[in-house]
Amino acid sequence: MSKLLIRTTAVLVLTLFCSQAEDWPTYRHDAARSGYTEDKLADQLHLQWSFRMTHKPVAAWPRSKRMTFDRAPQTIIADGRVYLGSSVDGKLHALDAKTGRQLWSFPTRAPIRFAPTYFDGRIYATSDDGFLYCLDAVSGAEMWKKRGGPGDEMILGNARMVSRWPGRGGAVVFDETLYFAAGIWPTDGVSLYALDPATGKTRWLNDTAGSIYLGQPHGGAYANSGVAAQGYLAANEEQLFMPTGRGVPAAFKRNGGEFEYLHLQANTKIGGSAVTLCRNVFLNNGVVFDQATGKSQGKLGAGPVVSTPDGLVVARSDRLDGYTWDNEEQKARPGLIIKVRGLDQNFSIKGPYTTETIVAADKIITGAKDRVRIRERGDGSDVWSAKVDGTVYGLAVADSHLFASTREGVVYCFGPQKVAAESVNESAPQSLPRSANLAKAAVKILERSGIKAGYALDISCGDGQLIEELVRQSDLFVYGVDDDLENVRRARQRLEAVGFYGSRAMVLHAKSTDTKLPIYFANLIVSSASLNEPLSESEKQEAVRMLRPYGGVFVHGAIANPTVFKRGRLPGAGQWTHQYANAANTVNSADELVKGPLGMLWFRDLQQNMTQRHGRGPAPLFHNGVLFSEGLDGIIAVDAYNGRKLWEYRIPGILKSFHGDHLMGTSGTGSNYCVSDDSVYVRVKDECLRLDARTGKLLGRFKAPLPKNGSKTVWGYLACENGILFGSLSDTEHVVTYRFRPGGDMKDQLTESKTLFAMDAKTGELKWRYDANHSLRHNGISIGDGWVILIDRALAPFDLKKDGKADPDAHPTGELVALDAESGKEVWRKKEDIFGTLSAISVEHGAVMMSYQPTRFRLASEIGGRIAVFNLSDGGLLWQTTSKYDSRPVVNDRTIYAQGGAWDLLTGETRPFNFKRSYGCGVLAGSKNMFVFRSATLGYFDLERNEKTEDFGGIRPGCWINVIPAGGLVFAPDASAGCTCSYLNQSWIALQPDGIRPPSLKPAGASSPSAVEVTLTADNPDRETIHYTLDGSAPTRTSPRVTGPIQIASTAKLRARSFSGDRPSNVAEAEFTIDPELVSLDPKHWEVVDAEGAQPPSDWSIEGGIIRQASNVMLGGKRVMENNASVERRGSIYLFRGARTPRNGTISFEINSRDDDGVGFVFNHTGPDSYFLWNMHQQRPFRALTQKTGTEYRVLDQVKRGFTRRQWYAVQLQFEDGNVTVSVDGNRELKGSMELNENGRFGFYSWGNSGVDFRNVRFRETAKR
């Protein structure tokens, strides 16, 4: 048998098996989630009873292999009772363990997705309604409940009404403390609680770890996006482990709740919601991690794992493996022997896929599809098996009985005694007396509203009879609210009796004037109470708040003459009907409602198979309340305000050619579909399909006209504007190469056309055609307000090669052409210096922009660096500029924005645009007040503030445009296809303008020799208060309140947050180091010196106590890329104007580089040819002390060691009578001698490095010069 070595020391934290042997009091038996019990099972078991729930479980993430926590109702067993929850009706059930008969049930307001926990006569259950409930284990009576999030707001999550902070951190009890967590979207807030199990009183709370600045699951990707809670918490003596959904678990200190680690970036493709503690490691999705550090120690293979006192049992995809622990001594270095934990494999058995595994003393129990099985633990041999209904995802052993639960919602109990097994059903639908009047009322409501599907709401629903009738006569899912608890109880009871509760209807206790339900969600709103008594104005206002724009209907009043209000378009909402928002290519919806901060409105997996994210598939589209998305095999339409799928039109393989890692797709081809007022148009080969936008039914097929030369017909460009359908005939011979890796079918990703044509959008009748003199790049076609703009330019032959280089001679300038959209007649043509590859029209300002699309993975012809704007009416040049930018430009009213700058549309004057982002391919998608884009996670930039990129974390946007601001919201269909990176959620989402921004801090950190005054400003001062701490603790409402600037006179960590009502913002924090030896970081005391000829210019700045250089400034040469410290590399230095290099004394600082090229410290600098330099490189790698004297550049000392990116290093230079010693992190590394110049200055150095920070610069002179 083989041995697996786990790199851990022999110091162990043992898994605790602390419960009674006869009970199974929590998920997988104990706080370690070991899956092991000492309770024994007989060799032969017999069915005792089965319990079938009314509704089969409905998983939150049905396609996820990493999050299977709610595939079946997980059971716990304590004191002769079985407890389980329902993911459909949100009820917690207690069964008699001997008979399976129900003893009691308790309703929550949303699905229960996790097993409860038992402790000291109490049951603790988390619900998606955001609460942890404490119930009496015998009676089911509520003893207390604890809200996990900061408020009661609800949203639609996984197609159900849930708390904005659902309780998905499964509860655990350890050392008489109860722990649970709520919140799955980091930016909205995640709360981890430690509670007194008896009273529910908070012992500690960590509600700040969701917003920490953290490395995301891509190298170089960082964002304010921390933990999320999806999975069962696990605990040991020192630590608490929080599964984060698709990512690896996070660790916290158990006794105080302090965040310890979450290593997403180090575990890019690893993670899942299951965690098992074992000795001093934990196991997650087949990987072994050290508990103390969170670092990976080895792999076991994915599958259920059981931790036993002496080993492990691992159920892999195709076999079952058993291991025992063994110590093994290994030599770490001469003279040091360490003990390594080894796993000796004692059996390996091939078998069917195992969905769950536990161990009971000497027996291994496995679950699989339709079967549960027992094996001997010693050798894995078969002992017993039984057939069950459905795939087994839950197993438990208690009192010598085996309990198995399946995906069909059936719980089985097997025991040693032969008995007449009882089949128990939770309930069967009953036939109750119905009200004829309410049945007629429902018919009339449905007829008058025209709404028969979607979400409905009954305000003041009474006993639920109107809800029942609406359900019977429609396909609606109906929510009822009532502020009378007795009415809520009666309505639930009735809907349960008729079999609708949970699956078709839910009833919530809420005020009719303040329901806490989300905006815009309801397709239909009614009121049972209003049939007899008019609603108040405040009730009507609340109803309209929740009513869906673009057609939601509110029916209220006496049924004989009801008031029917149909909500129209949302004033200020924008549309996104084409790939780049509109046919004019502005990449701007002009939506006036979308503003920051952003918060969740709805999320769900719509189970559409998407093209690979590197395939750069078509953008989602939005029109009049409907969100359209194209996947691999067709188009779906989704209600944009509640996430309900409206229709699907299948076109098998429609995006097959895009499905790969080429990174071309729509960035070159343009989209193959667009939307008009009533139709969806999608091109397929040589034709265009017209679909009914409301129903998805096929209305017509329009053939493209034939090419003049009789070549193959392939429809290329596509747009629809003012009743005219525009298309083009693709050039099938000009096939550009992939930009990243081979993939997809480039022959179907055509970027240029020979002919543009126009058709009647309803009949397909050809109106006109334009045959190019040269070629028409699809990105160069823009249409708006009766104008068609083309760039008619020769092909770029070098685009056909992966390593092609731009050649102006091979790609001459072209012609800018304006046509009348109705007739196709030429209006004007410009031939002088038409350099661009992209056009866009500003209809409002009568202007045409011409530019490049110089994005990541661009075609060679997209050289960038220029923008020009012309008069739309006559083609006259308004202005042009030469400027570096790195994205597709966006036209926003009178401003052109791009990553790299902003310009007045009509004058070309530069405008302030403080835009920067983290890692992320793709381009900006705009609205009036905001851009959305990928920046590690989902980033957005508020144009009104013009300050910095903000994050909505926990999700991965796509590689081109898949996030759009439109309809008053921000939409992001799932775009992670083909990506295994461990972003915490994989979902469609809609974000609303909602939330509280952290306060701004000015300065946002400082290193100063004297006290610093800090101004803290709330985003909305009239509605928010600011509270702060200086000791690094999380601010609460009881922390000091900000009433004016605060003085920081000693080193401190300032943390502050704004509060509005009960809701806090995320935390703003800054480090302040106060020390008389610190060098002033006032910019006036520093001077930039770039090497002559170095490009691009350096970008030095000082902010928040940090000196930062953010440009790739460098002077090249033949040898600069060599791994040789003796090669001079000139870049930029930032010289201090104050003190000079000391003869005796120290200069110290901290350095952190995000890039891997040269950084360092220059001293005794008197000019470009006279200085000393300490520098380090990671790409080479080396650290060196060098001297420049005239033309000579020599190495004084060096070590062959680079640095770790994004890690702070403490550097100290010790000067003593002409000698210098360099220490890094307290270790002496380099030394040399020098002749001190009285005027020798010091400063920082950067070469080829686009991201380096320096801080805490200290100067101490110990003797006079």
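Any read-out appearing in this document is the output of simple, stated calculations on the displayed coordinates, not a laboratory observation. Since this is a predicted model, take the numbers as computed values, not measurements. As a convention, Cβ positions derive from the backbone with ideal geometry for all residues, glycine included, and neighbour counts pool all protein chains shown.
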Task: For the range 508-525 and the range 549-607, distance of Cα centres in Å - done: 17 Å
TODO: Using R₀ = 45 Å, calculate the FRET efficiency as 1/(1 + (r/R₀)^6) where r is the Cβ-Cβ separation of residue 1092 and residue 63; round to 0.05.
DONE: 0.15
Task: Sites residue 509 and residue 139, calculated FRET efficiency, Cβ-Cβ separation with R0 30 Å, nearest 0.05 - done: 0.90
- [ ] Kindly give the semi-axes, whole Å and largest first, of the ellipsoid equivalent to the range 1077-1160, taking each as the square root of 5 times a Cα gyration tensor eigenvalue.
- [x] 25, 16, 13
TODO: Would you calculate the separation in nanometres between label points at residue 485 and residue 1084, each defined as 7 Å from the Cα along the Cα-to-beta-carbon direction?
DONE: 6.7 nm
Task: Per-residue [θ]222 nm for the chain (sum of -39500 (n - 2.57) over DSSP H runs n ≥ 4, rounded to 500) - done: -1000 deg cm²/dmol
- [ ] Tabulate in residue order the Karplus-calculated ³J(HN,Hα) for the range 665-673, using 6.51 cos²θ - 1.76 cosθ + 1.60 with θ = phi - 60°, rounded to whole Hz; enter x for Gly and Pro.
- [x] x, 5, 4, x, 7, x, 7, 9, 8
TODO: Along each of the three principal axes of the Cα atoms of the range 204-334, give the extent in whole Å, ordering the values from largest to smallest.
DONE: 41, 37, 32
Task: Under 5 Å, built H, 5+ apart or other chain: amide partners of residue 507 - done: 480
Task: Spatially proximal lysines relative to residue 747 (Cα-Cα < 16 Å; intrachain offsets below 8 disregarded) - done: 656, 685, 712, 801, 802
TODO: Within 10 Å, count the other beta carbons around each residue, average over each peptide in 233-245, 909-921, 400-412, and list them highest first.
DONE: 233-245, 400-412, 909-921
Task: the range 1083-1261 pair-distance distribution - Cα-Cα, 5 Å bins, rounded % - done: 2, 9, 19, 24, 23, 16, 6, 1, 0
- [ ] Specify the inter-centroid distance of the range 373-423 and the range 831-876, based on alpha-carbon positions, in whole Å.
- [x] 69 Å
TODO: With θ set to phi - 60°, apply the Karplus curve 6.51 cos²θ - 1.76 cosθ + 1.60 along the range 1167-1179 and write out the HN-Hα couplings as whole Hz, x wherever there is a Gly or Pro.
DONE: x, x, 10, 8, 6, 10, 9, 9, 9, 9, 10, 8, 5
Task: Karplus-derived HN-Hα couplings along the range 774-783 (A = 6.51, B = -1.76, C = 1.60, θ = phi - 60°), whole Hz, x at Gly and Pro - done: 10, 7, 10, 6, 4, 5, x, 9, 9, 9
- [ ] Would you list which lysines come within 27 Å of residue 146, measuring only between C-alpha atoms, while excluding same-chain residues fewer than 8 positions from it?
- [x] 91, 201, 253, 511, 516
TODO: Report the semi-axes of the equivalent ellipsoid for the chain in whole Å, largest first, where each axis is √(5λ) for an eigenvalue λ of the Cα gyration tensor.
DONE: 51, 45, 30
Open item on the list: Suppose we keep just the alpha-carbon trace of the range 113-158; what are its Rg and Dmax in angstrom?
Closed with: 11.8, 35
TODO: Take each of the peptides 614-620, 1098-1104, average the number of other beta-carbon atoms within 10 Å over its residues, and list them starting from the highest.
DONE: 614-620, 1098-1104
TODO: Note the per residue figure in Å³ for the convex hull of the C-alpha positions in the range 217-276.
DONE: 79 Å³
TODO: Could you sort 503-514, 1226-1237 so that the peptide with the highest average Cβ count within 10 Å comes first and the rest follow in order?
DONE: 503-514, 1226-1237
TODO: Could you tell me whether the range 619-761 comes out rounded, prolate or oblate from its Cα gyration tensor? Rule is a ≥ b ≥ c as square roots of the eigenvalues, rounded for a/c under 1.5, then prolate if a/b exceeds b/c, otherwise oblate.
DONE: oblate
TODO: Provide, for q = 0.17, 0.19, 0.24, 0.27 Å⁻¹, the log10 of I(q)/I(0) from a solvent-free Debye sum over equal Cα point scatterers in the range 1000-1074.
DONE: -0.57, -0.70, -1.07, -1.31
- [ ] Assuming 0.692 mPa s and 37 °C, estimate D for the range 529-570 with Stokes-Einstein, Rh taken as the Kirkwood radius over Cα pairs, in µm²/s.
- [x] 306 µm²/s
Open item on the list: For residue 98, give me every one of the lysines with a C-alpha distance below 19 angstrom, ignoring sequence neighbours fewer than eight places off in its own chain.
Closed with: 40, 418
